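Colleague: Pasting a structure here, questions to come.
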Amino acid sequence: QVQLVESAGGLVQSGGSLKLSCAASGRRSSSLDMAWFRQSPGKEREFVASIHWSGTMTYYTDSVKGRFTISRDNVKSTVYLQMNSLKPEDTAVYSCAAGYSYGDSDVRSWDYWGQGTQVTVSS
């Protein structure tokens with residue numbers, strides 16, 4: 001079993017930055033691909049970014065390319081999401097996920113989930 005715990009999100013002004021982290025525990029955590037998803041009120045959960053278990057490949061949804069960076073530290077079993085140039089439309093509950101699904105943006109393909117953390121971007 002794998003447990004995922006996200007860091008606290010927060011409130012940031014438009015154009016600002018925020019970095020989320022997600023700590024994984026469990027014997028297989030360093031060999032799992034990791035991803036971030038987000039869900040805004042009234043909308044379905046959507047894919048944000050994923051990273052291969054090796055850390056050598058990353059994949060982003062178009063709306064965050066050039067603004068967000070996903071990374072991981074397998075020694076610390078932690079994945080990060082650096083969010084720059086934040087926009088009000090980035091406001092959502094952000095959740096990390098783990099599985100063997102690098103490059104797959106389908107929510108159903110990911111096996112383990114964190115509890116989610118709120119990110120609010122004010123205009």
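The values are calculated or read from the model by the stated rules, or taken from the named source; none is laboratory data. Note that the coordinates shown come from a computational prediction; the quantities given were computed from them, not determined experimentally. Backbone-built Cβ (ideal geometry, glycine too); neighbour counts: all protein chains shown. What goes into the accessible areas is simple: the full protein's heavy atoms, side chains included, and nothing from ligands, DNA or RNA. Shrake-Rupley method; radii C 1.70, N 1.55, O 1.52, S 1.80 Å.
Colleague: Among the DSSP beta bridges whose two residues both lie in segment 1-121, what percent are antiparallel, rounded to the nearest 5?
Modeller: Values: 36 of 39 bridges.
For segment 1-121, the DSSP antiparallel bridge percentage is about 90.
Colleague: While we're on this one: Modelling each spin label as a point 7 Å along the Cα-to-Cβ direction, I'd like the Y100/R28 distance in nm, to one decimal.
Modeller: Roughly 0.7 nm, to one decimal.
Colleague: Please sort by residue number the GluC sites (Glu not before Pro) in segment 1-84 whose DSSP state is loop and whose Cβ has at most 14 other Cβ atoms within 10 Å.
Modeller: Numbers: sites: E6, E44, E46; in loops: E44.
Listed in order of number, the matching sites are E44.
Colleague: How big is the shadow of the Cα convex hull of segment 72-113, averaged over all directions, in nm²? Mind dumping the intermediate values first?
Modeller: Details: hull surface 16.0 nm².
Over every viewing direction, the Cα hull of segment 72-113 projects on average to 4.0 nm².
Colleague: Enter the accessible area per residue of segment 17-123 (Å², integer; probe 1.4 Å; all protein chains in place).
Modeller: Result: 50 Å² per residue.
Colleague: Against the empirical 2.2 N^0.38 Å scaling, what ratio does the C-alpha Rg of the chain come to? Each step should come with its number before you reach the end.
Modeller: Working: Rg = 13.2 Å, N = 123, 2.2 N^0.38 = 13.7 Å.
Expressed relative to 2.2 N^0.38 Å, the Cα Rg reads 0.97.
Colleague: Right, next: How many percent of the accessible area of the chain is carbon or sulfur, using a 1.4 Å probe?
Modeller: The C+S portion of the solvent-accessible surface of the chain is 47 percent.
Colleague: Additional query: Please report, to two decimal places, log10 I(q)/I(0) for segment 14-83 at q = 0.22 Å⁻¹ as given by the Debye formula with identical point scatterers on the Cα atoms and no solvent.
Modeller: So the normalised log intensities are -0.98.
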